[in-house]
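These notes are about the structure you will find just below.
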Amino acid sequence: MFDKTQLMRGSLEGCILKIIDKKLTYGYEIMEELKTVGFDDISEGSIYPILLRLEKQKNITSQLIDSPLGPKRKYYTISEEGKEYLQSFYECWKHIYSTVNILFYEEGSDSQ
Amino acid sequence: MMTISLREKKKILNTEKKALRKDYKKIYTKMFIYISSFSLNYYTRTDLLLEIVGICLENQERNIPLDDVFNNDYKAFCDTMIADSLRMSKRQKALELILQFMAIIFLCSILFVLLSFTPLYNSLGSFGNNNPLHGWYYTITLKDLSYYLINPFIISLAILYSNRHTFKGEFNVFIIYFILYVVLFSISMFFLANLPLASISLPIYLIILITGMITAGLYCLFYGIQKKEYLLTQ
């Protein structure tokens, strides 16, 4: 059985960036959205290091905002560099997607 | 990164730490100890701890056990979080050691003067016979001074050694720290007790003044370097 974890991890950074691009959001909300779209095995433990890395790379910025539950919560927004990074990620993803499709589907028929 | 000052970050960190429940605080403390065993830049470390305490609080509010969040391996999570983080150079570590050493001497000197106001002073006879209350002049032999200096120095060394990342379990750290302390202290005491050293006189207020000034200078230098390096990465 193919282990999808590695494949999903590779695309996680771009997906997180896409969620942040849509709205001002925070760690737990990002995880919930990822689960909704199909990243079932994702835990917060895998998301926060990526958020930290994206922040270090200046692809996202953060601000502490009072949360309705009590303490301040860290909200993320995408930066201009992040938007460029997201665009290049998506171009790259489309290229990989079409390359894999060429291999698997030739002249519209399934070659498996 | 966030554009708030270090003082403000520390304030938030303390408030959020206090808000943690016992079981959540226990894991946070373990993570704090683990992260502290790496020679991270002080400002970077504060950012990381703020991040971690935030995660702990967020999950506490949702009643999600931290073991589920970190997949029963908080160390692996910390490793990922600190990967590529700004670390102290060997020079900065050496500077930190000297700073700790001077700060301990400074505090010990103050403590010694404060003790002289109490009946406890009589039990400190081996350090000199002149009560600082009378003229604030404290006679100390070079041998006593060596005892006085070497003890905090060894403690500092032991603290530094126990902070090494090599030690994985907290209990091991404690045992190694304790053995190291006893062995080094016994060896140094044995040699110092057998050395014929001359007697000198030093006013205690001078020791306090000098060590205080050096500690303050080193403090500014150490945190200044840390801040400069941190800001360069921003």
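Read-outs throughout are calculated quantities, based only on the coordinates presented, and are distinct from any laboratory measurement. What you see is a predicted model, and the numbers here were worked out from it, not measured in a lab. Cβ placement follows ideal geometry from the backbone for every residue including glycine, while neighbour counts extend to all protein chains displayed.
Principal-axis analysis of the Cα atoms of chain A puts helix A:44-56 at an angle of about 80° to the longest axis. Here the relative contact order of chain A, from alpha carbon pairs under 8 Å that lie six or more residues apart, stands at 24 percent.
For the pair B:I187 and B:D73, what calculated FRET efficiency results from E = 1/(1 + (r/R0)^6), where r is the Cβ-Cβ distance and R0 = 41 Å, to the nearest 0.05? That gives a FRET efficiency of 0.55. As a quick test, which of the pairs B:K10/B:K75; A:K23/B:K26; B:K9/B:K90; A:K22/B:K227; A:K4/A:K56 have an alpha carbon distance above 31 angstrom in this structure? In this structure, A:K23/B:K26; A:K22/B:K227 lie more than 31 Å apart at Cα.
Between A:S11 and B:T15, the modelled label-to-label distance comes to 4.1 nm, taking each label 7 Å out from Cα in the direction of the beta carbon. Counting only other chain Cβ atoms within 10 Å of each residue's Cβ, the peptide B:53-60 averages 5. Taking a ≥ b ≥ c as the square roots of the eigenvalues of the Cα gyration tensor, the stretch B:5-107 is prolate, since a/c reaches 1.5 or more and a/b is larger than b/c. Peptide B:22-31 shows a mean partner chain C-beta count of 0 within 10 Å per residue C-beta.
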